[in-house]
Ligand SMILES: O=C(O)C(=O)C[C@@H](O)[C@H](O)[C@H](O)COP(=O)(O)O
């Protein structure tokens, strides 16, 4: 989840219109709603006819590879194909950072809003990496009560070394149930109390909830201040910190209030995963499996062979999985920043999953757990439609189980609840439900409303309490 179990502390004894734009030559930028309330009433869709037409067509998830660079080799033309090559090869040779530890840089290619994703061990100790992406003199670190005791001091030190920056911080309650407008207002309260101006940078230190909320707070504060992501969970490192989706939940629907707002950089210190509880680790792995299913069959194969290593937090396996995920995410975001098309494929399993999160009450299941169940349901429906071979469903279920993830919804979820809650999904267009479904060989998917609704009913009947 983007949420409540994030980083149990150590004292608790435990070990969220397509077409790639390239930049040749540029160096590397509460409670559940009552199921009886009909969310349909809350759903409204308005978009131009042309856009609807485009989106109603099936969107095939095939785009070229984006850029992946190692430290010290970031200038020069994009190397298309490098990313996919890395997916097939074992963990790529990596460059050493100034501290002598492994560091990779993946570029999110968005023209003059491009930004780097730095990936490596111990990066929080390299203050210069962060400081060079802070344009003004003041920083507001937004974190939560679990992460603050673990990493806040180190982050403040990284920023204040050299004496040029003044840092304030605000500590939010931890958990998906706190991803709300009320809690978000605490960030703005702090910013105003501290007299922070438009030159300020908001820095998200934590998992997906912290990242999504900080980004939205930054997008709105004085109509937009700078934003930096320092994700500390698998979920946020492989998915939510990249791509600029920010926002909060509404009692009637997950992530319903928000904005697209890109960070200036994403700094991933994979050492922070050492304090992550096992359940949170598994939750993040769900999104890595997703990349395998929608566009990176080689990654899926790798996960099948390496899941024990990943669960054991083998540093090489973790680095590879995080890097491959960021490359996949960066490619899709670069091709379709605001989800006019192919970006919706990143929502595989999310329509079912968000319904589960909202229906059971935010924070009951972790986000990745709900997505895991949702991906199996989407795969099941794809088999029923005759779009994929049953072996893909079987492999998906087996891989998610191997990651200690759930593959069936809680018994409280009925088919009617699913249908009501899925009707407010953000992919609904003109009242028509669109789903990400698997199609063809492993690694292929479509976003479509053009399916036999009886097959959805069959899937819901299969997975829900009668
Ligand atoms: O970045 C995206 O685009 C995604 O859909 C990634 C998802 O894994 C992520 O959970 C995202 O926050 C979901 O966004 P939403 O628009 O479906 O609420």
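What follows is calculated from the coordinates using simple rules that are stated; it is not laboratory data. Quantities reported herein were computed from a predicted structural model and do not represent experimental measurements. Counting neighbours? That spans all protein chains shown, and the Cβs are built from the backbone with ideal geometry, glycine included.
Going by a ≥ b ≥ c, the root eigenvalues of the Cα gyration tensor, does region 305-356 fall in the rounded group (a/c under 1.5), the prolate group (a/b larger than b/c) or the oblate group? Cα axes put region 305-356 in the oblate bin.
P(r) tail, region 104-276: Cα-Cα pairs separated by more than 21 Å, 40% of all pairs. Averaging the sequence gap over all C-alpha pairs within less than 8 Å and six or more residues apart, then dividing by the number of residues, gives region 322-464 a relative contact order of 26 percent. Peptide packing: for 168-175, 246-253, the average count of neighbouring Cβ atoms within 10 Å per residue gives the ranking 246-253, 168-175, highest mean first. By other beta-carbon atoms within 10 Å, ranking 412, 232, 275 with the fewest at the front produces 412, 275, 232. Exposure proxy for 387, 188, 302: other Cβ atoms within 10 Å of each Cβ, ordered fewest to most, give 188, 387, 302.
Computed extension length for residue 309-residue 461: 51.1 nm, one decimal, from 0.36 nm per residue of separation with the Cα-Cα distance subtracted.
At 0.36 nm per residue, minus the direct Cα-Cα distance, what do residue 398 and residue 257 gain on full extension? Give it in nm, one decimal, please. Walk me through the numbers before you get to the answer.
Working: separation 141, 0.36 × 141 = 50.76 nm, distance 3.47 nm.
Gain on stretching residue 398 to residue 257: 47.3 nm.
Taking other C-beta atoms within 10 Å as the exposure proxy, 294, 156 rank 156, 294 from fewest upward. For region 104-276, the relative contact order is 26 percent, taking Cα pairs closer than 8 Å that sit 6 or more residues apart in sequence and dividing their mean separation by the residue count. Give the separation of the Cα centroids, region 335-404 to region 168-231, in Å. Each part reduced to its Cα centre gives a spacing of 29 Å.
Report the full-extension gain for the segment residue 301 to residue 131: residue separation times 0.36 nm, less the Cα-Cα distance, to one decimal in nm.
Numbers: separation 170, 0.36 × 170 = 61.20 nm, distance 3.81 nm.
Full extension of this stretch gives 57.4 nm more.
At R0 = 41 Å, how high is the FRET efficiency between residue 161 and residue 408 if r is their beta carbon distance? Nearest 0.05 is fine. Efficiency at R0 = 41 Å is approximately 0.25.
The C-alpha radius of gyration of region 322-464, expressed as a fraction of 2.2 N^0.38 Å, stands at 1.00.
Evaluate Rg over Rh across region 207-313, taking Cα atoms for both radii and Kirkwood's formula for Rh. Numbers along the way, then the final one.
Values: Rg = 15.2 Å, Rh = 14.9 Å.
Over the Cα atoms of region 207-313, Rg/Rh equals 1.02.
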